[in-house]
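The block underneath contains the structure these notes are about, expressed in C-alpha cells.
The values are calculated or read from the model by the stated rules, or taken from the named source; none is laboratory data. None of the values given here were measured: they were computed from a predicted structure. Note that we place each Cβ from the backbone using ideal geometry, even for glycine, and neighbour counts take in every protein chain shown. The accessibility values were calculated without ligands, DNA or RNA, using every heavy atom of the protein model including side chains. Shrake-Rupley method; radii C 1.70, N 1.55, O 1.52, S 1.80 Å.
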Amino acid sequence: MRLHGAKLSVLLHHHRNFIAARVKWVRDPYLDTAVSKEKDLQQAISLKNQIASSPFKSLPLSSLSLLKPQFNLPSTAQKFFDKYHTFFTRFQPSPSLPVHVKLTPLALLVHKEEQEIHNSPTHRDDAVKRLAKLLMLTKSTRLPLHIVDRFKFDLGLPHNYITSLLSDYPEYFNVCQALDCSSDNKETLHLELLSWRDEFAMSEMEMRAAFMDIKNVKKGERIAFSLSYPNGFDLRKRVKDWVFEWQGLPYTSPYENAFHFNPNGDQAEKWIVALLHELLWLLVSKKTEKENVLILGDYLGIRDRFKKALVHHPGIFYVSNKIRTQTVVLREAYRKDVLVPKHPLVGMRFRYIHLLNKANEPWRKSTAGTLGSWSKRQVASSINRKQRRIVMDKNREGEEQQSNDSSDSEFDEYMDYSEIDSDKDANNDEEAIKSEL
C-alpha cells in the first residue's frame, strides 16, 4: 500500500517520539476466539509426538507425567489424558506392566496424514525457507536452539526437525556452540545459517509492493501497514495524526541492519514493526505467544522496543489474554476469527482440535454408545438450550458455538470412520509391548 500526499521530513522523524497519549487496549472477540480454539492444542500435539515417536507407539503413564512442566500442562498428565479421551487412551499391556498411553485410532490416522505433509518435498523446502528467514532476522544469522524450539510449533517444523529435516540441508544449517547473550553469556547450542541467502532477503511487505509494481522500495518508497481495529476502538485525534504520518515514513526491510537509527525515533519504530510483522508472517498461524517474541527480543537486545511496538500499534497487532497466556496475533491475517492464508498444517491442526472438542461432548463420552450418567432427557435439554442460544443470542458466544458446529460437520464429512479398526490396533500394540518387555 502506497501513501500519497504525505510530504514529511525524514530527518524530523528520526528524532520524533510516539505521541504521549495512552492507547487503550480493547478486546477483540473474534481474535480471542481464534486463539481460544487452540486451547490445549500445542500440549496435546507435543504429547502426541512423544508417543508416536516411541517404538511401539505408546509410553508408560509414569514417564509422560514427568513432562508436565516441559509441556506446560494445565493439570496432571493423567487428568489431561482422561479429559481428552478421544485423543489419548490408557491401557495396561498385562497385570504385571504399568499403565501405558497411546493415541486413539482417529488421532493416529490424523498423525499419519500430518507426517505425509512433513515429508513432502514442497513442505520441507517451505519449512527450510521459513527457518532460514527467521535466522536472517538476526544480525548474526544464528539463534540459540532453545529459542528456535520455542518457535518450532509455530514455524510448522517437524518434531525432530534437526535430524529429520536439517540434516538433509547441510549447505544451509549448522549446529554450533556459541555465547547466548539472552542467558548470561553462557555457551549453548546454536543453530546458524551458513551463508546469507539473497533470494530470501525480501519481506512479505516488499513482495507485496513488488507485486503491485511499486519501484525503488529500498530507496525510500513509502510502504504502509494494513490497519484494522475492533468495534468500540477509538484513537484520539492526535494519535490518528501521528499514525498517518508514521505510515508515510520510508520502509526499512527487517533484513537490513537498522541499528544506526535513533532507537527512540519513529523511523526506528517502523523498522521494529516491520521486523515483528515479518516474524509473525513466517509463522503458519500468524500468531505466537508473547513470551516467545520477548525472549527473541532479549536475544536481539530490543525486548523493550518490541513491547512498545505492540502497545503503540493495536491496528497491526493484537495481544489476546486467552488460554492461560498472552498471544500476539497479526491482525491482517484474519477475517473475524478465520485465518486467511491457508497452510496444510493448519488443516491438520483443525482436525486435532475437532478430536479435542469431541471429548467435551457428553453424549459421546461412552465408547459403547450408551449415555452413561447422562440421561436422554438431560441430553435433549442440553441440545434445546444450545438451539435457543443459536437462535436468540446475538452475542459473541452464540457466534462461537455456530462456528464450532459448522467445523464439526465439515470434519465428519472429511473423515472416513469405516477405515479404522480400533480393536485390531489395540491388540497389536499390546502384543508388541508384551513381547518386548
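One residue alone among GLU291, GLU278, GLU269 is of a type outside the set (Val, Ile, Thr), in contact (Cβ under 8 Å) with a residue 12 or more places away in the chain and open to solvent by 50 Å² or more (accessible area, probe 1.4 Å), and that residue is GLU291.
Has the range 300-319 got at least one residue that is touching a Ser or Thr at 6+ places or on another chain (Cβ under 8 Å) and crowded, with 22+ Cβ neighbours inside 10 Å? The answer is no, given that none of the residues of the range 300-319 is touching a Ser or Thr at 6+ places or on another chain (Cβ under 8 Å) and crowded, with 22+ Cβ neighbours inside 10 Å.
Restricted to the range 289-396, the set of helices (runs of 4 or more DSSP H) holding at least 2 residues that are at pLDDT 95 or above comprises 290-300, 303-312, 344-358. Checked across the range 254-277, the condition of being of a type in the set (Ser, Thr, Tyr), under 29 Å from the mean Cα position of the chain (by Cα), under 24 Å from TYR334 (Cβ atoms) and modelled with pLDDT of 90 or more holds for no residue. Test PRO158 against the criterion of being under 24 Å from PRO341 (Cβ atoms) and part of a loop (DSSP other than H, G, I, E, B), and give yes or no. So PRO158 passes the test. For the range 30-128, which fully contained strands (runs of 3 or more DSSP E) count at least 3 residues that are under 20 Å from LEU356 (Cα atoms)? Where strands (runs of 3 or more DSSP E) fall fully within the range 30-128 and carry at least 3 residues being under 20 Å from LEU356 (Cα atoms), they are 88-91, 100-103.
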